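A.B. asks: Dumping the structure here so I can ask a few things about it.
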Amino acid sequence: MTGVALVTGGTRGIGRAISARLVKDGFRVAANYAGNDEAAAACAAELGVSCFKWDVGDYDACAKGVEAVVSALGPVDVLVNNAGITRDSVLHRMTREQWDEVIRVDLTSAFNLCRLLIEGMRERGHGRIVNISSINGQKGQIGQVNYAAAKAGLIGFTKALALESARRGVTVNAICPGYIDTDMVAAVPPKVLEGIVASIPIGRLGRAEEIAGCVSFLAGPDGGFITGATLTANGGQYIAG
């Protein structure tokens, strides 16, 4: 495959694995990141991707970032909305700032990037959008009202945009990873993590590369008849009907 892929949060964790897989698939990859310059430099050197720093929750910053990506690499064919943060707290203790920040980065970012890229995709008659949601957007989680709301919102966003764009050659799908062996999950207290792994029928955490493989399929030619779908990749921990 050829073309340009933009991966938000694309220099660490699941995003880095997605960037690596899309490079392997033949895409010229733009990896967006928010603040870790060291990780971005390593990603660029090791994977050969182009890294672009901006805040995906800021529409104007996204506009400038997209302009820089297109200027450097060309029109974006594949958009992976992967960027996400957590600011966990039970609702009766959650601050407005914790709510606003997670909704802004995890959900509003998808509007920002899709709005800026969708017209070009529609005009060219081809595009692939993959939104990275979460198992907790499907089933909920204590202490994550903000995160669960944002990730559930991504699923509804995906379905609506898929219907709007299907006849213009643009597919829009969501992936809901379960617990993946990343730095974010590694920060979970060991006893809590043991309980999480025990609740996964497959008996282990997922690998970032497995999520990247899902993105590769949806972004490639074999995924052309799939749109509006939510692909669960959680080891059987939650089986959506």
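The values are calculated or read from the model by the stated rules, or taken from the named source; none is laboratory data. Please read all numbers here as calculations on a predicted model, not as lab measurements. Cβ placement follows ideal geometry from the backbone for every residue including glycine, while neighbour counts extend to all protein chains displayed.
A.B. asks: All but one of (1) in contact with a Gly (Cβ under 7 Å, 6 or more places away or on another chain); (2) of a type in the set (Ser, Thr, Tyr); (3) within 18 Å of Asn131 (Cα to Cα) hold for Tyr59; which doesn't?
C.D. replies: So the condition that Tyr59 fails would be (1).
Matching residues to (1) within 23 Å of Met1 (Cα to Cα); (2) assigned to a loop (DSSP other than H, G, I, E, B):
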| position | (1), (2) |
| --- | --- |
| Ala40 | no, no |
| Glu46 | yes, no |
| Val56 | no, yes |
| Pro75 | yes, yes |
| Ala83 | no, yes |
| Arg87 | no, yes |
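A.B. asks: Does segment 108-120 contain any residue that is more than 17 Å from the chain's Cα centre (by Cα), of a type in the set (Val, Ile, Thr) and farther than 25 Å from Gln237 by Cβ?
C.D. replies: No, segment 108-120 contains no residue that is more than 17 Å from the chain's Cα centre (by Cα), of a type in the set (Val, Ile, Thr) and farther than 25 Å from Gln237 by Cβ.
Rundown of residues vs (1) in a helix (DSSP H, G or I); (2) under 15 Å from Ile14 (Cβ atoms); (3) touching a Ser or Thr at 6+ places or on another chain (Cβ under 8 Å), yes/no style:
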| site | (1), (2), (3) |
| --- | --- |
| Val185 | yes, yes, no |
| Lys191 | yes, no, no |
| Glu194 | yes, no, no |
| Pro201 | no, no, no |
| Ile211 | yes, yes, no |
| Phe225 | no, no, no |
| Gly228 | no, no, yes |
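Here is a yes/no grid of residues against (1) closer than 19 Å to Ile175 by Cβ; (2) out of contact with any Pro (no Cβ under 7 Å at 6 or more places or on another chain); (3) touching a residue at least 40 places away in the same chain (Cβ under 8 Å):
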{"position": "Thr95", "(1), (2), (3)": "no, yes, no"}
{"position": "Asp100", "(1), (2), (3)": "no, yes, no"}
{"position": "Ala110", "(1), (2), (3)": "yes, yes, yes"}
{"position": "Leu116", "(1), (2), (3)": "no, yes, yes"}
{"position": "Gly120", "(1), (2), (3)": "no, no, yes"}
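A.B. asks: Go through (1) at pLDDT below 95; (2) touching a helix residue (DSSP H, G or I) at 6+ places or on another chain (Cβ under 7 Å) and name the single condition Gly84 misses.
C.D. replies: In the conditions (1) at pLDDT below 95; (2) touching a helix residue (DSSP H, G or I) at 6+ places or on another chain (Cβ under 7 Å), Gly84 misses (1) alone.
A.B. asks: List the number of the failed condition for Thr227; all other conditions in (1) among the hydroxyl-bearing types (Ser, Thr, Tyr); (2) in contact with a Gly (Cβ under 9 Å, 6 or more places away or on another chain); (3) modelled with pLDDT of 95 or more hold.
C.D. replies: The one condition Thr227 does not meet is (2).
A.B. asks: Now a separate question. Could you list, in sequence order, all residues of segment 128-148 that are in a helix (DSSP H, G or I), touching a strand residue (DSSP E or B) at 6+ places or on another chain (Cβ under 9 Å) and either closer than 14 Å to Thr158 by Cβ or in contact (Cβ under 8 Å) with a residue 40 or more places away in the chain (or both)?
C.D. replies: Of everything in segment 128-148, those that are in a helix (DSSP H, G or I), touching a strand residue (DSSP E or B) at 6+ places or on another chain (Cβ under 9 Å) and either closer than 14 Å to Thr158 by Cβ or in contact (Cβ under 8 Å) with a residue 40 or more places away in the chain (or both) turn out to be Ile135, Gly137, Gln138, Val145, Asn146.
A.B. asks: Of the residues Lys64, Lys151, only one is basic (Lys, Arg), part of a helix (DSSP H, G or I) and surrounded by fewer than 17 Cβ atoms within 10 Å (Cβ to Cβ); which?
C.D. replies: Among Lys64, Lys151, only Lys64 is basic (Lys, Arg), part of a helix (DSSP H, G or I) and surrounded by fewer than 17 Cβ atoms within 10 Å (Cβ to Cβ).
A.B. asks: Taking Gly125 and the conditions (1) in contact (Cβ under 8 Å) with a residue 40 or more places away in the chain; (2) out of contact with any Gly (no Cβ under 6 Å at 6 or more places or on another chain); (3) surrounded by fewer than 20 Cβ atoms within 10 Å (Cβ to Cβ), which numbered condition does it fall short on, given that it satisfies the others?
C.D. replies: Here Gly125 meets the rest and fails (2).
A.B. asks: Something else about it: Being more than 16 Å from the chain's Cα centre (by Cα) and part of a helix (DSSP H, G or I) is the filter here; which residues of segment 1-38 pass it?
C.D. replies: Val23, Lys24, Asp37, Glu38
A.B. asks: Can Ile175 be described as in a loop (DSSP other than H, G, I, E, B), in contact (Cβ under 8 Å) with a residue 12 or more places away in the chain, surrounded by 13 or more Cβ atoms within 10 Å (Cβ to Cβ) and at negative phi?
C.D. replies: no
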